[in-house]
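What follows is a single structure, written as structure tokens, with notes after it.
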């Protein structure tokens, strides 16, 4: 009888492959009913996020956001205003073209869904009627409603990719914080006991399609693709 392969072990959901709930306990969204002025109460690091986080206190409670560049504790920010200043939460229709923003709402009052990773930002590209076109960090343009909110500025932590990791142990602990499997081994390099693609024989590497009702140990390769073959 073969042993449990990585695909099965991950599906089982043991602590090795399960994301730590403690790491992701901070919800990076601003609430629906915010107005007036907020204060940066605390700046802190989170292992689950690529940017430092900030706790913002206001008259009706508090919320967490990715910290912007040059943010300091005790700083005051405007909530749902029109002033264009780093850290202020402003509706897209009130933001001028070429302004850098982050933590953009997908639809009004959802709290912010787009552009949240360290060092990233998006730019207001053009305004056409009630639609705001934003140039995302991926260089693709996306359309938003004018009532969607965003934070002015650039997210802190842009230098995290500049310093080399150097040692494999450091990379291991970085991945372990987010419960990522590392190092990853190619399936065709494994033994036959470890993976359906394993063994030294028959290394004709091409697209392999798993059946829909295949057991966990056989659901590898392409899982029910819409189409196969080269596009003509």
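Laboratory data are not the source of any read-out in this text; all were calculated from the coordinates shown. The structure displayed is predicted, hence computed values, not measured ones. Glycine gets a Cβ as well: all are built from the backbone with ideal geometry, and neighbour counts include every protein chain shown.
Compute the convex hull volume of the Cα atoms of the stretch 78-148, divide it by the residue count, and report the result per residue in Å³ as a whole number.
82
Determine, from the Cβ-Cβ distance of residue 177 and residue 232 and an R0 of 35 Å, the FRET efficiency 1/(1 + (r/R0)^6), rounded to the nearest 0.05.
0.20
Expressed as an acute angle from 0 to 90° and rounded to the nearest 10, what is the orientation of the C-alpha long axis of helix 168-177 relative to the principal long axis of the chain?
70
Where the centroid of each part is defined by its Cα atoms, how far is the stretch 2-66 from the stretch 110-166 in Å?
The two parts, judged by their Cα centres, are 19 Å apart.
Label 7 Å along Cα→Cβ of residue 97; the stretch 105-125 residues with amide nitrogen under 13 Å?
Counting backbone N atoms under 13 Å from the label point, the list is 124-125.
Would you mind computing the Rg to Rh ratio of the stretch 129-232 from its alpha-carbon coordinates, Kirkwood style for Rh?
1.12
Kirkwood Rh over Cα pairs of the stretch 133-172 into Stokes-Einstein at 20 °C, 1.002 mPa s: D in µm²/s?
It diffuses with D of about 156 µm²/s by this estimate.
7 Å from Cα along Cα→Cβ at both residue 204 and residue 163: what's the point-to-point distance in nm?
In this crude spin-label approximation the distance works out to 5.0 nm.
Relative to the compact-globule scaling 2.2 N^0.38 Å, provide the ratio for the alpha-carbon radius of gyration of the chain.
Normalised by 2.2 N^0.38 Å, the Cα Rg of the chain equals 1.31.
Taking the Cα atoms of the stretch 36-160, what is the range of coordinates along each of the three principal axes, in descending order and whole Å?
39, 33, 22
Take the stretch 1-51, compute every pairwise Cα distance, and split them into 5 Å bins from 0; I just need the percent in each bin.
Result returned by the calculation: 4, 12, 15, 14, 14, 11, 8, 7, 6, 4, 2, 1, 1, 0.
Where the convex hull is taken over the Cα atoms of the stretch 52-97, what is its projected area averaged over directions, in nm²?
Mean orientational projected area (the stretch 52-97, Cα hull): 3.7 nm².
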